[in-house]
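The values are calculated or read from the model by the stated rules, or taken from the named source; none is laboratory data. This structure is a prediction, so every number in the text was calculated from the model and none was measured. Every residue, glycine among them, receives a Cβ derived from its backbone with ideal geometry; neighbour counts consider all protein chains shown. Surface areas here come from the heavy atoms of the whole protein model, side chains and all, with no ligands, DNA or RNA. Shrake-Rupley method; radii C 1.70, N 1.55, O 1.52, S 1.80 Å.
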Amino acid sequence: MKQLVVISGKGGTGKTSITAALAALAQNAVLADCDVDAADLHLLLHPTILEKEDFYSGETPTMDPVECISCGVCAEHCRFDAIDDNFQPIKENCEGCGVCEYVCPTDAVTMHPRKCGVKMVSKTRYGTMVHAELGIGEENSGKLVTDVRRTSAEIAEREGAEYVIVDGSPGVGCPVIASLTGADACLLVAEPTVSALHDLGRVVELLTHFKLPSYCVINKRGVNPELEERIATFCRERNVQIAGSLDYDKAFNEAQAAGQTIVEYDPDGLGRQVTEIWNATREFLL
Ligand code: SF4
Ligand code: SF4
């Protein structure tokens, strides 16, 4: 079983549309949506949820109003300004350090696991999908992404799937590192803009650190040929092979609006171009 992660330095490059199209082409794959801050693979794959599990990370306090004598010691010692005037925790500010529990003179404070989100295992027309939703205001530390990755790999082993195809987290922080850990290869989606070229540089630096084989897809071909050439040159210099490129075409947006993958919506146009990219990627993964 091979794990392919699709990432881009920034949002809006077509990463999720390409991931969904690869899922359609792979046939024997488990899918993982690691973009837990703004998961949208489900909009194209319409999953039916089979299992839902709360995800806990870190701790959060509860103040017992019966035991609390409103002395204010907890608020005085909280370095994160996370206790309100009624001596109740402010969840968004709380770092779960446990100082309030330690200093409370009446043992009114109890620390307990903090619910940060929900992980789901679903059925789609292209195979099992593992996805998640981060709770409102919860920070994405990468732990939920790691859980999605681990679960998808376990399911792929169990089902005898050939691939795990991962819609990676954007950026270069902890979530994207969690998306990449344990992967066999990475497909980078870049569009020909100055900011995308800059972001590509940051992502490639990260991938070099991971020593992960990486391949690049240039999306929105035709928008700026000079920048396309600069991306191609940059990739050559950094040993990132070009897996292919995709025309700038409104069919991607139309497919999205229709809730379809591009291989379903436009099989003879962009769908054919994505198929060529998938064929090249499969060769890389052998
Ligand atoms: S756990 Fe730490 S951050 Fe949270 S309320 Fe208590 S003292 Fe403040
Ligand atoms: S330290 Fe304990 S008793 Fe004092 S205000 Fe905080 S919760 Fe209440």
Checklist entry - Ranked from highest to lowest mean number of other Cβ atoms within 10 Å per residue, what is the order of the peptides 172-182, 65-75, 10-20? => result 10-20, 172-182, 65-75
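For the chain, return all DSSP H helices satisfying: extent of Cα atoms along own axis at least 20 Å; mean Kyte-Doolittle hydropathy at least -1.0.
143-159, 194-210, 270-285
If the convex hull of the alpha-carbon atoms of segment 6-141 is projected onto planes in all directions, what is the mean projected area in square nanometres?
Taking a quarter of the hull surface, the average projection is 10.3 nm².
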Checklist entry - What is the gain in length, in nm to one decimal, between Lys115 and Leu50 on full extension, counting 0.36 nm per residue of separation less the C-alpha to C-alpha distance? => result 21.4 nm
Item to check | Taking the C-alpha atoms of the chain, convex hull volume expressed per residue in Å³ | outcome: 148
Item to check | Cα lying deepest toward the dipole's positive end in the chain, options Phe80, Ser195, Ala280, charges on Cβ | outcome: Ala280
Next on the checklist: Need one number: nm distance between label points at Glu229 and Ala257, each 7 Å from Cα along Cα→Cβ, rounded to one decimal.
Outcome noted: 3.5
Item to check | Kirkwood estimate for segment 58-115, i.e. one over the average of 1/r between Cα atoms, Å | outcome: 11.0
Item to check | segment 1-134 - charge dipole about Cα centre, Lys and Arg +1 at Cβ, Asp and Glu -1, debye rounded to 20 | outcome: 1120
Item to check | For Glu228, net neighbour charge (Lys/Arg +1, Asp/Glu -1) across residues whose Cβ lies under 14 Å away | outcome: 0
Checklist outcome for this item: Over the chain, with neighbouring protein chains present, the accessible area per residue in Å² at probe 1.4 Å is 48
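Please give the FRET efficiency for Ile90 paired with Ser70, using the beta carbon to beta carbon distance and R0 = 25 Å, rounded to the nearest 0.05. Mind showing how you got there, number by number?
Working: r = 17 Å, r/R0 = 0.66.
After rounding to 0.05, the efficiency reads 0.90.
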Checklist entry - Among Arg158, Arg150, Arg230, whose mean-square fluctuation peaks in a Gaussian network model of the chain (Cα, cutoff 10 Å)? => result Arg158
Next on the checklist: Over 22 Å between Cα atoms: which of Lys123/Lys250; Lys10/Lys143; Lys119/Lys143 fall into that group?
Outcome noted: Lys123/Lys250
Checklist entry - Along the charge dipole of the chain, which of Ala243, Gln3, Tyr265 sits closest to the positive end, that is, farthest toward it, with unit charges on the beta carbon of Lys, Arg, Asp and Glu (+1, +1, -1, -1)? => result Ala243
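So what is the relative contact order of the chain, in percent, for Cα pairs below 8 Å that sit 6 or more residues apart?
27 percent.
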Checklist outcome for this item: Everything considered on the Cα gyration tensor (a ≥ b ≥ c; rounded for a/c under 1.5, else prolate if a/b is larger than b/c, else oblate), segment 159-286 must be described as oblate
Item to check | Rounded if a/c under 1.5, otherwise prolate or oblate - segment 132-202, Cα gyration tensor axes | outcome: oblate
Checklist outcome for this item: Dividing the helical contributions, -39500 (n - 2.57) per DSSP H run of n ≥ 4, by the residues of the chain yields a 222 nm value, nearest 500 deg cm²/dmol, of -11000 deg cm²/dmol
Item to check | Listed residues Ala196, Ala23, Ala82, most fluctuating in the chain (Gaussian network, C-alpha, under 10 Å) | outcome: Ala82
Checklist entry - What net charge is computed for the residues neighbouring Met120, neighbours being all others with C-beta under 12 Å from the C-beta of Met120, Lys and Arg scored +1, Asp and Glu -1? => result -3
Checklist entry - Given a cut-off of under 8 Å on Cα pairs at least six residues apart, what relative contact order in percent is computed for segment 1-140? => result 33
Checklist outcome for this item: Computed for the chain: size of charge dipole around the Cα centre, +1 on C-beta of each Lys and Arg, -1 on C-beta of each Asp and Glu, debye to nearest 20, value 1000
Next on the checklist: Defining a contact as two alpha carbons under 8 Å apart and six or more residues distant in sequence, what relative contact order in percent does segment 58-115 show?
Outcome noted: 51
Next on the checklist: Distance between the C-alpha centers of segment 9-64 and segment 215-286? Whole Å please.
Outcome noted: 21
Checklist entry - What is the distance, in nm, between label points placed 7 Å from the Cα along the Cα-to-Cβ direction at Ala38 and at Arg150? => result 2.8
